[in-house]
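Visitor: The structure is given below, and queries will be raised subsequently.
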Amino acid sequence: MGFAEQRFNVNLSILFTELPLLERPAAAAAAGFTAVELWWPWVDSPTPERSELDALRKAIEDAGVRLTGLNLYAGQLPGPDRGALSIPGAESERFRANIDVAAGFAGSLGCGALNALYGNRVAGVDPAEQDALALENLVRAARAADRIGAVLLIETLNRTESPLYPLVSAPAGVGVVDKVNDATGLGNAKFLMDLYHLAMNGEDLPSVIERYAAKTGHVQIADNPGRGAPGTGSLPLADLLDQLRKAGYEGWVGLEYKPGDRPSAAAFDWLPAAARAAH
């Protein structure tokens, strides 16, 4: 099957970042894509002005692309933070304030997935206290996602780049997914399977796919080493995505890689133009 059989979207928080935010949806469309995803774009504000939300919504609609995934507020990302929902105090409050704002924005664009980054461990704070806070906030987020018909994604990162992040294995991420679903009874918490992060952690990717495809709500890819486009590293990404489809995964595959020392528009030569539009 290969890449031509997948449904790809472009992550506009790591690709096309040489452009202003409001120009990125049109740039993705010009490159042949019909779907995009985003980290929370306003890193300093979980509750931006309505005019900012409206401007981004209009840019997405005018470009004719679909927003298929959105991160909830995650602190300074890119930057030192890896989420806010397990951080006691002000960051947790910012996350809570963001839930309905992000869900409302996503719902207005028919976006079906909200991604909730767990957050780093905090020195001097009992990990059990952080985990209890995380579950409380994830339950809130899952209920908000359910109100707009969306799934809530839980993501595993890699310990090399995120040494303070506690979810650095597929079982750890899926374990949190199960706890959220047990707590809500909604069943809409899903695993975000990022093949780059899992590879960086040295996990057996075919085994992870076999075990967890049924609990996966979204997939993201970048090659390894380097987090570049497919073909710049050594991961057999086409084969892995084929395995995912054979295991029953029919969702989106997010392109979350670095373009390297070239414009983002030139970083898709591995994917034929005819395969870029969702089908």
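The values are calculated or read from the model by the stated rules, or taken from the named source; none is laboratory data. In this text, all values refer to a predicted model and were calculated from it rather than measured experimentally. Please note: Cβ atoms are built from the backbone with ideal geometry, for glycine as well, and neighbour counts cover all protein chains shown. What goes into the accessible areas is simple: the full protein's heavy atoms, side chains included, and nothing from ligands, DNA or RNA. Shrake-Rupley method; radii C 1.70, N 1.55, O 1.52, S 1.80 Å.
Visitor: Can you check what the Kirkwood hydrodynamic radius comes to for region 125-279, Cα pairs only, in Å to one decimal?
Guide: Kirkwood radius, region 125-279: 16.7 Å.
Visitor: Could you tell me what % of all Cα pairs in region 154-211 have separations over 14 Å? Show your work: numbers first, answer last.
Guide: Working: 874 of 1653 pairs.
Here the long-distance tail beyond 14 Å is 53 percent of all Cα pairs in region 154-211.
Visitor: Just subtract the alpha-carbon distance of residue 122 and residue 261 from 0.36 nm times their residue separation and send over the number in nm, one decimal.
Guide: Result: 46.6 nm gained on full extension.
Visitor: When all alpha-carbon pairs of region 1-151 are counted, what percent fall beyond 21 Å? Mind dumping the intermediate values first?
Guide: Details: 5164 of 11325 pairs.
Of all Cα-Cα pairs in region 1-151, 46 percent lie more than 21 Å apart.
Visitor: Per q in 0.17 1/Å, what log10 I(q)/I(0) does a Debye calculation on the alpha-carbon atoms of region 117-201 return?
Guide: Listed by q, the Debye log ratios stand at -0.68.
Visitor: In what sequence, largest accessible area first, do 18, 210 appear using a 1.4 Å probe?
Guide: In descending accessible area the options line up as 210, 18.
Visitor: Relative contact order for the chain: what is it in percent, counting Cα pairs under 8 Å that are at least 6 residues apart?
Guide: Relative contact order here is 21 percent.
Visitor: Could you tell me which helices of the chain pass both thresholds, a Cα extent of 15 Å or more along their own axis and a mean Kyte-Doolittle hydropathy of at least 1.0, with helices taken as whole DSSP H runs? Spell out each step's value before the answer.
Guide: On the way: long enough: 50-63 (20 Å, -0.73); 90-108 (28 Å, -0.11); 127-147 (30 Å, -0.38); 170-184 (21 Å, 0.31).
Span-like helices, by this rule, are absent here.
Visitor: To check you understand DSSP bridge types, tell me what percent of the beta bridges within the chain (both residues inside) are antiparallel, rounded to 5. Can you show the working numbers first?
Guide: Values: 1 of 27 bridges.
Bridges in the chain that DSSP calls antiparallel: roughly 5 percent.
Visitor: Just how far, in whole angstrom, is region 61-125 from region 134-148 if you go by their alpha carbon centroids?
Guide: Result: 12 Å between the Cα centres.
Visitor: Report the extension gain between residue 242 and residue 129 in nm, rounded to one decimal, defined as 0.36 nm multiplied by the number of residues separating them, less their alpha carbon distance. Walk me through the numbers on the way to the answer.
Guide: Details: separation 113, 0.36 × 113 = 40.68 nm, distance 4.01 nm.
Difference between extended and current length: 36.7 nm.
Visitor: Sequence-distant or interchain residues sharing an amide H contact under 5 Å with residue 233, placed H: which?
Guide: The list, which skips near neighbours in sequence, is 224.
Visitor: If you don't mind, another one. What residues qualify as long-range amide H neighbours of residue 9, i.e. H under 5 Å apart, gap of 5 or more or another chain, H built at 1.01 Å from N?
Guide: Placed amide hydrogens put 253, 254, 255 under 5 Å from residue 9.
Visitor: Shifting gears a bit: Mind giving me the nanometre distance, one decimal, between the label points for residue 43 and residue 159, set 7 Å out from Cα along Cα→Cβ?
Guide: 2.6
Visitor: Counting only helical runs of four or more DSSP H residues, what would the 222 nm mean residue ellipticity of the chain come to if each run contributes -39,500 (n - 2.57) and the total is spread over all its residues?
Guide: Estimated from H runs of four or more residues: -11000 deg cm²/dmol.
Visitor: Another question, if that's okay. Which peptide among 4-15, 139-150, 252-263 comes first, and what is the full order, when sorted by highest mean count of other Cβ atoms within 10 Å?
Guide: 4-15, 139-150, 252-263
Visitor: Please give the net charge around residue 159, taking every other residue with its beta carbon less than 14 angstrom from that of residue 159, where Lys and Arg add +1 and Asp and Glu add -1.
Guide: Net local charge, residue 159 excluded: -2.
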